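The values are calculated or read from the model by the stated rules, or taken from the named source; none is laboratory data. Note that this is a predicted model, so its numbers are computed, not measured. Glycine also receives a Cβ, built like all others from the backbone with ideal geometry; neighbour counts cover every protein chain displayed. Side chains are part of the model used for accessible areas, which takes the heavy atoms of the whole protein and leaves out ligands, DNA and RNA. Shrake-Rupley method; radii C 1.70, N 1.55, O 1.52, S 1.80 Å.
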Amino acid sequence: MAGKASVPSVIWARPERTGRGPRPAFTRADIAAAAVRLADEGGLDAVSMRHVAAELGCGTMSLYNYVPRKEDLYELMIDAIGAEHEIAEPSGDWRADMVRNALETRAIMHRHTWAPRLMSGVYGFSPNSLRYLEHCLDCLEPLDVPYSEKMELVALLNGVVTTYTASEIATAERTRSMPWTEEEENAVRIAYLGGQVATGAYPRLAAAFMESSGPIDLEGVFRRALDRVLDAFDPDR
């Protein structure tokens, strides 16, 4: 197995394959696609250097010539799904464009449910990540604030999308693993919660539930969260 590197490095600054020998049999795109397939089918835990090598039909040690570390493999994966962003021409309405970008990011994460686990600023400077960031800044061109604030806006919006989508994915995965239906579990939990509130020990919770006793509009919650981030940077609000 490859040893721990003595100095930090960026995979994008290295040649596609290190070492001597015949012409490389695989590209980084091939390797990333294989890893994404494994993760889509079996989750992030299904991704290992051994499994990716088997998917490609090569030896594990050969794969290290292309991808020195598992962390580099993760970075290739995030870059690969970043290519799914549609770089549409900005409309001139920066708020609408950023909401569109946020919804698209959420859809990508739902297609690749392992992605929220890898969302990190460390992986934010791959080719497709830079392409998407440049697009967001292009969408924000009408917003008259410094670029530093625009970068903050993008980061905060991505953070909201990642956190919310991770919760959606975790809830869906838990529901699929239960031996009963979601409705059955919710009924039991609501009955328990109602009993606790009825004791009088939680007057503010009781008032909150009385104020809004119907089902939560989760889609509305998500859109309001996006709007609140955008409001914080909107000089007209």
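Every residue, every condition in (1) in a helix (DSSP H, G or I); (2) of a type in the set (A, V, I, L, M); (3) free of Cβ contacts under 8 Å to residues at least 12 places away in the same chain, yes or no:
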| residue | (1), (2), (3) |
| --- | --- |
| I190 | yes, yes, yes |
| V197 | yes, yes, no |
| L205 | yes, yes, yes |
| F209 | yes, no, no |
| E219 | yes, no, yes |
Point to revise | Flag if A88 is open to solvent by less than 50 Å² (accessible area, probe 1.4 Å) and either part of a loop (DSSP other than H, G, I, E, B) or free of Cβ contacts under 8 Å to residues at least 40 places away in the same chain (or both) | key: yes
Review point. Regarding M98, is this residue open to solvent by 20 Å² or more (accessible area, probe 1.4 Å), of a type in the set (A, V, I, L, M, F, W, C) and at pLDDT 90 or above?
Key: no
Check your understanding: Going by the conditions given, is V67 within 26 Å of H110 (Cβ to Cβ) and in contact (Cβ under 8 Å) with a residue 40 or more places away in the chain?
Key -> no
**Study point:** Where a residue in the range 91-111 is under 14 Å from D138 (Cα atoms) and its partner, wherever it lies, is open to solvent by 60 Å² or more (accessible area, probe 1.4 Å), with Cβ under 7 Å and at least six apart
**Key:** G92/P142; W94/P142; D97/S91
Practice item. Of all residues in the range 179-188, count the ones that are open to solvent by less than 90 Å² (accessible area, probe 1.4 Å) and in a helix (DSSP H, G or I). Key: 4
Exercise for review: Starting from residues that are more than 15 Å from V67 (Cα to Cα) and hydrophobic (A, V, I, L, M, F, W, C), keep the ones in the range 34-43 and report whichever is most open to solvent (accessible area, probe 1.4 Å).
Suggested key: L38
Check your understanding: How do the pairs read when you match residues in the range 126-145 that are in a loop (DSSP other than H, G, I, E, B) with residues anywhere that are open to solvent by less than 70 Å² (accessible area, probe 1.4 Å) and hydrophobic (A, V, I, L, M, F, W, C), using Cβ under 6 Å and keeping only pairs 6 or more apart or on different chains?
Key -> L140/W94; P142/W94; L143/W94
Point to revise | Among residues of the range 44-74, those that are in a helix (DSSP H, G or I) and open to solvent by 20 Å² or more (accessible area, probe 1.4 Å), counted | key: 13
**Study point:** Which listed residue, of E219, E211, is open to solvent by 80 Å² or more (accessible area, probe 1.4 Å), farther than 30 Å from A107 by Cβ and among the acidic types (D, E)
**Key:** E211
